[in-house]
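Student: Please find one structure pasted underneath; my questions will follow.
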Amino acid sequence: MTLALEQTLNGLQFGVMLFLLAAGLTLVFGIMGVINLAHGSMYMIGAYVAATSAEHGAPFAVAVLAGAAAAAVAGAVVEAVVVRRLYGRNHLDQVLATFGLILIANDGVSIVWGRTPLEMKIPDALAGAVPIFDISYPVYRLLLIACGVALAVALAFFVARTRLGALIRAGATHRELVGALGVNIVQLNTIVFALGALLAGVAGALLAPILSVQIGMGEQVLIMTFVAIVIGGLGSIRGAFVGALAIGLVDTLGRAYIPVLLRAVTTPDLADTLGGGLSAIAIYVLMAVVLIWKPRGLFPVSSR
Amino acid sequence: MYLATLLVLVAIPILAAIFGQPFWVNAATRIVIYGIVAMSLDLIVGYGAMVSFGHAAFFALGGYVAGILLTNGIDSAFVTWPAAMLAAALLAAGVGALSLRTSGVYFIMITLAFGQMVYYASVGLKMFGGTDGLPVPARSTLPLIDLRDATVFYIVCTVVLVAFFVIASRLVESRFGMVVRGAAESERRMTALGFPVARYRLVAFVIAGAVAGLAGALWADFSRFVSPDMASWTRSGEFLVMVILGGIGSLAGGLYGAAVLTGFESLFSGFTEHWMLVLGIVLILIVLFAKRGIYGVLAGRRHD
Amino acid sequence: MTEPLLAVRGLRKAFGALIVTDKLDFDLAAGETLAIIGPNGAGKTTLIAQLAGDVRPDAGTIALNGRPIVHEPADVRARLGIARSFQITTVVPTFSAEDNVALAVQSRTAMQMHFWQPARADERLREPARAALERVGLSARAGVRASDLSHGEARALEIAMALACRPMVMLLDEPMAGMGHDESRAMIDLLRTIKTETTMVLIEHDMDAVAQLADRVMVLVAGRAVASGAYDDVRRDPVVRDAYLGEN
C-alpha cells in the first residue's frame, strides 16, 4: 500500500514534468506542423544553465529562471535559423534536420561544459521529507508536482483567456486564416516555439537536482514526450496533459509492479528477465494500443 | 554511374592488397552491409512514402537470430541467413499490419515504438547477453567458399548488395511497384481504382524488413557480435540519414549514404572530436538545400 | 421489371447537427445517365462519396446489382464495378498520362501482385491505356507527366481512367469543373459518346451539359431529393425554381 502511494506520487511527478515538455512539443507540431526532435535539447540547455547558475551561487529560483530563459533564447534562435525553413516540408525532412540539431546541441554542450555530468543540489529549504499517510515523501518532489500542476493551469488559462492564447488556438486549426487576419505569423511562430522551449527549459532546470545533467539527457526524455503527445493527439494541450500523466504513471507503476506481478506467475529468473523488458516497453505497448484503437490519438485536433 | 560504382566496389580489395591496408576491406564490408539496410529502407521511404523510424529492429532481429543459431552450432549460411530473413519478415508482417493502419507522423511514431520494443527486449533478455550483447563464435559457412577470409566475405556481401539492387530495381518498375509508388502520391486515387493499398504497402514493408534482417545476419557474421544497439532508435535514425544523404528514392543512394555516413565518422574523427557537430550542420544543409543528395549530384538529372 | 443497377434506400448522413443526406431513395437503371443537380451545399459530393465508399452513411442501404455494398470499403466497391472521377483532379502527378491510365487498366486485376516484369513495357496494360487516351483525345499527350497537363487535359485524363476500368457505374463529380467554354463543349461531346455504353451518375452545375446528357435529373436541396424526372420537367418545377432562386 505504501509502495503504491509512493510510486503513484512518483508517477505523477514524472508525468507533470513530462507535460511541460509535451505541451511545447505538441504546440509546435499543432501550430507549425513541425516535428521537432531538438526539443529535448532545450530541456538539456535548461538543466545545464540552471546547474551552472546554482554552482556560481545563484539562489534556486534564479537558477531555474536562468535555465528557462536560456532555453527560450536558444529556442528563438533555432526557430529563426532552421525551423522556420521547415514549415510545410515533409516529415522526413523535419525529422532529419532536427536530428541534425540534436547532434549540434550535444556537441555544442560538450564544447562549453565538457563531457562530465553536472550536479545540482536540492536547496536546503526543500531537502526534507514530509509524512503523507504512512509514507515519508520528499518535499522537492512535491514541489515539482505543484509546479507542474500550476504551470498546467497557467497554460490552460493563457490559451483559453488571453488574446495571444486565442491566436495560438486559431493557428492550430486555421493557419492561413490567422495570417489573413493580419497577424504577423512569423512572429507568432517564433513566440510559440520559444514558449515551448521555455517550458522545456523549466522542466530541465527543475529536474536537474534529481536527475543526471549530462549530454544526451534530452533524447532519453524526448521519446517519452513524443509517445505522450501521440497518445494525447498531436496539437492538443489537453491531450498532452492526459498523455503525459498516462506515460508517467504507466512507466513508474509498470517498473514497480510488473516484475512483482510476474513473480507471482512464473519462476523468479524468468520474472526478472521478462519483468525488466516488459516494464521498459509498457509505455510503447500503451501507445501502440491507443493508436490502433484511435489512429489519431485520444484528443485529435482537426487540422487546417 | 552504376558501372563506376560497381568498379569501385570491386577495386577496393585489390587496392587494399596493393597498399597493404586490409582494414579498407573491413571498412568497405561495413559500408556494403549498411548499404543493404539503407537500400531496403529507401524502398519503403523513397518509393512508398512510409517513413519508418524503427527499421533497425529488423536489422537487429536478423542479427540476433543468426547469432543465436551460430552460438548453438548451426553454421550453414543456408540456414542462418534464411532464418534471419524469415524472422525479420514475420516481425515486419506483425509490425506492418498494425502500423500501416496509421499514417503520417503517427506512422513514424508507432514504428519508433516497435523499434524500441525490440531494443528493450534485447536488453532485457539476459540469456542473449542483455546490454552486453552476444558474441558470435563463428561465421556462417558456405560450401566451396571460405567466408572466414575477409576479402571473400566482402565479395559475398557485395554480391548480395548487387543482387538486391537488381531485384529492387525490377520491383519498383513492376506492376506491384507502380501501385506502391502511385499510392505514395495519391492514395485516394489508387483506392478509387480498386487497389487494396494497405495490402500492397504491407508486402513492401515485409520485403524491406526481410532484407534488413539478412543484412543483420551478415553483420553478425562480419563483426562476430550482436548487441541491443543494433535496434536503437538512433540506429534507425542513422539509416534514415543514409537514405537522405544518398538521395531518397534512388536505391543506389542507400549505398552512397552509407558510405558517406560511415566515412564521415572515420574521416572527421581524425581531424576533430567534434565531428558530430559538423555532421549535424551538413545534415541540416542537405535537408534544406540539397534534397536529392549525393545521387542527385552524381546523376545530374531527376530520376523517374 | 429488371433489377436496377444501383439501388439506394433510406440513405442518411449528418455531420453533427448538419444533415447532408436526408433519407434518400433512388434507383439507377443499367445504361441510364442520372444527373444530380442542386444549389451549393446540397450534399451532392457527399452523396457521391457515400456511393463510392469514402464516407460511411449513418443509415440506409446501397445495392449494386442486388448486392449490398454499404459496408464495403472504397477499394472493394471499385473492384465490384464502380469508377469515379473527383471534383478536384486526383491523379498520380509524377506519372505520365499513359502511366495513369495503365494503372486503371491494371486495376482490373488489382488483387494479383506481379513483382518482376516492368509495368511500363507491358502491352497488355499500355495498349488499352492508349486506346482510352485516344477516346478522350489525349493521344498526343500520352507521355506527358500528369502534373504538366493543362486543367482540361487532366479532367479528360480522369475520364480516360474511368473508362479504362470498364466499370458498371461511373460516378462523375463535376467533370467540367473549372473548364472554359470550348473545353466544356469538348467534354460534353465526349461524355455523349460514352453515355451510350455505360451507366453514369453525373454531378454538374452546367445546365447545358445536363440538358444534353441526362436521361433523368434528380434535384438535391439540403440533402433531400425535391424533384426527379426529365430535365425539361424538372426545370419548370416550381419547387426547384424556388430552391435555386430562393438561394440568391
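Student: For the protein assembly as shown, would you read off the P(r) tail past 50 Å as a percentage of all alpha carbon pairs?
Tutor: Summing the P(r) tail past 50 Å for the protein assembly as shown gives 27 percent.
Student: Let me ask something additional. Between residue C:114 and residue B:19, how high is the FRET efficiency from 1/(1 + (r/R0)^6) when r is the Cβ-Cβ distance and R₀ = 56 Å? Nearest 0.05.
Tutor: 0.75
Student: Between B:28, B:83, B:121, find the one with the highest GNM mean-square fluctuation for chain B; connect C-alpha pairs within less than 10 Å.
Tutor: Between B:28, B:83, B:121, it is B:121 that shows the largest mean-square fluctuation.
Student: If exposed means no more than 12 neighbouring beta carbons inside 10 Å and the site is in a DSSP loop, what's the longest run of chain B without any exposed trypsin sites (Lys or Arg not before Pro)?
Tutor: My reading of the result: B:149-300 is the longest stretch.
Student: Excluding residues fewer than 8 places away in the same chain, name every one of the aspartates and glutamates whose C-alpha is closer than 15 Å to that of residue C:13.
Tutor: C:22, C:25, C:54, C:58
Student: Normalising by the residue count of region B:1-156, find the relative contact order in percent from Cα pairs under 8 Å and 6+ residues apart.
Tutor: Averaging sequence separation for qualifying contacts and normalising by length gives 27 percent for region B:1-156.
Student: Go through B:288, B:261, B:206 and say which Cα lies farthest out towards the positive end of the charge dipole of region B:2-299; charges sit on Cβ, +1 for Lys and Arg, -1 for Asp and Glu.
Tutor: Checked the options; the winner is B:206.
Student: In bins 5 Å wide, starting from 0, what share of all Cα pairs of region C:92-166 does each bin hold, as a percent?
Tutor: It works out to 3, 19, 31, 25, 14, 6, 2, 0, in whole percents.
Student: Rounded if a/c is under 1.5, else prolate if a/b is larger than b/c, else oblate: which is region B:88-195, with a ≥ b ≥ c the root eigenvalues of its Cα gyration tensor?
Tutor: Oblate shape, in that a/c is at least 1.5 and b/c is the bigger or equal ratio.
Student: Pick from A:29, A:14, A:157 the residue whose mean-square fluctuation is largest in a GNM of chain A, springs joining Cα atoms under 10 Å.
Tutor: Highest fluctuation of the listed residues: A:157.
Student: Moving on. Let me make sure I get this right: for region A:52-182, a, b and c are the square roots of the gyration tensor eigenvalues over alpha carbons, sorted descending. Under 1.5 in a/c it's rounded, otherwise prolate if a/b > b/c, else oblate. Which is it?
Tutor: The shape class here is oblate.
Student: Okay, next question. Restricting to Cα atoms and excluding each atom paired with itself, what does the Kirkwood estimate give for chain B in Å?
Tutor: 19.5 Å
Student: Could I ask something else about it? Would you list, by chain and number, the lysines whose Cα falls below 22 Å from the Cα of residue C:195, excluding same-chain residues fewer than 8 positions away?
Tutor: Partners within reach: C:44.
Student: Would you mind calculating the relative contact order of region C:1-83 from Cα pairs under 8 angstrom and at least 6 residues apart, reporting the percent as a whole number?
Tutor: 34 percent
Student: Hand me the chymotrypsin sites (Phe, Trp or Tyr not before Pro) from region B:190-229 located in a DSSP loop with no more than 12 other Cβ atoms within 10 Å, in residue order please.
Tutor: none
Student: Within 10 Å, Cβ to Cβ, of residue B:153, how many net charges do the neighbouring residues add up to if Lys/Arg are +1 and Asp/Glu are -1?
Tutor: Combined, the nearby Lys, Arg, Asp and Glu give -1.
Student: Which helices, counted as full DSSP H runs in chain A, have an axial Cα extent of no less than 27 Å and a Kyte-Doolittle average of 1.6 or above?
Tutor: Within chain A the helices that satisfy the rule are A:60-81, A:139-161, A:185-207.
Student: Membrane-span-like helices in chain B: DSSP H runs reaching 18 Å or more (Cα, own axis), mean Kyte hydropathy at least 1.6?
Tutor: The answer, listed by residue number, is B:2-19, B:56-71, B:77-99, B:150-173, B:275-289.
Student: Projected area of chain C, taken from the Cα convex hull and averaged over every viewing direction, in nm²?
Tutor: About 14.3 nm², averaged over all directions.
Student: For region C:74-132, which chymotrypsin sites (Phe, Trp or Tyr not before Pro) are both in a DSSP coil and crowded by at most 14 other Cβ atoms within 10 Å?
Tutor: Those satisfying the criteria are C:115, C:116.
Student: List the relative contact order of chain A as a percent without decimals, with contacts defined as Cα pairs under 8 Å and 6+ residues apart.
Tutor: Contact order relative to length: 35 percent.
Student: Once you charge only the Cβ atoms, +1 for Lys and Arg and -1 for Asp and Glu, what is the size of the charge dipole of chain B about its Cα centre, to the nearest 20 debye?
Tutor: In debye, rounded to 20, chain B gives about 820.
Student: Here is a follow-up. Quickly estimate the mean residue ellipticity at 222 nm for chain B, helices only: each DSSP H run with n ≥ 4 gives -39500 (n - 2.57), and the total goes over all residues, rounded to 500.
Tutor: -25000 deg cm²/dmol
Student: Would you mind giving the three semi-axes, in whole Å and largest first, of the ellipsoid equivalent to region A:1-60 according to its Cα gyration tensor?
Tutor: The answer is 26, 23, 8 Å, longest axis first.
Student: Averaged over every viewing direction, what's the projected area of the C-alpha convex hull for region A:221-304? Give it in nm², one decimal, please.
Tutor: 5.8 nm²
Student: Follow-up. With a cut-off of at most 15 other beta carbons within 10 Å, and DSSP calling the residue loop, which GluC sites (Glu not before Pro) in region C:193-248 qualify? Please list them.
Tutor: Answer in residue order: C:197.
Any read-out appearing in this document is the output of simple, stated calculations on the displayed coordinates, not a laboratory observation. What you are looking at is a predicted structure, and each value in this text was computed from that prediction instead of being measured. Note: ideal-geometry Cβ built from the backbone for every residue, glycine included; neighbour counts use all protein chains shown.
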